[in-house]
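Read-outs: derived from the displayed coordinates by stated rules, not from any lab. This structure is a prediction, so every number in the text was calculated from the model and none was measured. Here the Cβ is made from the backbone with ideal geometry for all residues, glycine too, and neighbour counts use every protein chain on show.
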Amino acid sequence: MSKIDFEVELAAAVRAVRDAARVCQSVQSNLVTAATLEKKDRSPVTVADFASQALVCSSLLEHSRIHAVVGEEDAAELREAGAEATRDRVVEHVRNVRGASISPDQALDWIDVGGVTPDGSLERYWTLDPIDGTKGFLRGEQYAIALGLIEHGRVVAGVLGCPNLPGPDGQPGCLLSAVRGQGAQARPLAGKADAGTRTIRVSDITTTAAARFCESVESGHSDQDQSAQIAADLGITEEPVRVDSQAKYAIVAQGEAQIYLRLPTRKDYQEKIWDHAAGLIVVEEAGGRITDVRGHDLDFGHGRTLANNSGVIGTNGPIHDAVLAAVARFVKLD
Ligand code: AMP
Ligand code: MG
């Protein structure tokens with residue numbers, strides 16, 4: 001493939017994430033007011049997840065030159081007998097954005113555009129989490145639509161839509177974006193094109209005692225006992241910022257916290273590429289650093305998972321080595 005125009009690709013990604021966010025926001029706002037919240041009914045997030053993937057993929061087919069998408073979902077389950085009700089709701093949401101003429105088959109085919117499993121021969125692909133942080137989504141809290149572009153196993157661009165994170169205008173809804181070598185930006189999620197865009201930078205602190213750290217709300221996704229020990233060792237006195245989804249990366253990229261900890265809870269878990277691609281490039285381009293718990297770069301060139309890495313450590317940069325040293329004191333790295 002000839003050279004890629006990253007400006008065009010970033011604009012395509014911004015557009016795709018904004019389309020998907022419309023559906024996610026509408027589903028979440030109905031959810032919070034409805035009884036589903038108490039019933040712990042997961043079906044709304046399932047519907048929004050599929051519709052979000054359909055919208056991102058259809059937008060990329062139209063506006064991007066790269067049509068390989070490694071998404072979290074595929075439509076197999078929606079094509080099964082018995083899934084008609086869910087399928088109809090997904091199609092309805094897709095039609096609300098793309099128009100009433102969209103057929104159910106078209107909507108499912110768009111979802112399946114994201115069913116790619118990359119092998120070594122695919123030099124460039126998008127990776128998508130249509131709703132990252134489904135638990136936060138269901139609680140009415142933070143979640144993200146995360147879209148990253150991988151080239152030769154490295155993230156080269158990314159867009160993170162965070163509907164419940166304040167944007168640069170102070171209103172809820174922040175869209176973060178970055179292209180390798182070109183810095184990172186934040187803009188209002190709901191705005192027009194580039195309106196309200198500002199450059200973002202990580203915090204410039206150089207001592208760990210002044211740091212705040214982010215981690216998952218879910219203790220099953222990151223070891224919170226170890227993070228408490230590491231924080232104490234680093235002289236950190238502030239409580240952890242516990243937030244679902246890659247909104248954590250957005251918070252570090254904007255300088256509101258300085259450390260992201262994702263400490264393995266089990267040996268056999270492999271991090272998914274769509275859970276980190278967009279967040280990683282936004283933080284790195286804002287001046288921060290991302291590695292695994294051993295200090296190795298994250299390697300996005302091994303299929304759907306970060307098979308060569310364990311956990312994730314992110315920082316504003318200057319304190320990274322100190323954080324890694326503390327991690328090594330409390331996390332078993334064999
Ligand atoms: P977070 O919102 O930071 O808790 O991350 C949500 C993501 O955690 C989901 O998209 C899952 O792919 C991922 N996940 C699921 N199980 C685990 C696990 N055992 N360790 C780390 N991440 C996980
Ligand atoms: Mg996810």
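Observations on the model:
- Over all other residues within a Cβ to Cβ distance under 11 Å of Ile200, the charged ones net out to +1, with Lys and Arg as +1 and Asp and Glu as -1.
- GNM flexibility winner over the chain from Ser227, Ser177, Ser219 (Cα, springs under 10 Å): Ser219
- Summing charges over all other residues whose Cβ lies under 13 Å from the Cβ of Phe330, with Lys and Arg as +1 and Asp and Glu as -1, gives -1.
- For Glu271, residues with placed amide H under 5 Å, excluding near neighbours: Leu306, Gly311
- Pairs of Lys in the chain closer than 29 Å at Cα, counting only those 8 or more apart or on different chains: 18
- Our estimate of slack between Ala328 and Asn308, defined as 0.36 nm per intervening residue step minus the Cα-Cα distance, is 5.4 nm.
- Tensor-based shape of the chain (alpha-carbon gyration tensor, a/c under 1.5 rounded, otherwise prolate or oblate): prolate
- Positive minus negative residues near Gly115 (Lys, Arg vs Asp, Glu; Cβ under 9 Å): -3
- Highest-MSF residue in the chain out of Asp223, Asp169, Asp112 [GNM, Cα springs under 10 Å]: Asp169
- ³J(HN,Hα), Karplus 6.51/-1.76/1.60, whole Hz, each residue of the stretch 130-136, x for Gly, Pro: x, 9, 8, x, 4, 5, x
- Long-range amide H partners of Ala68 with built H, under 5 Å: Trp126
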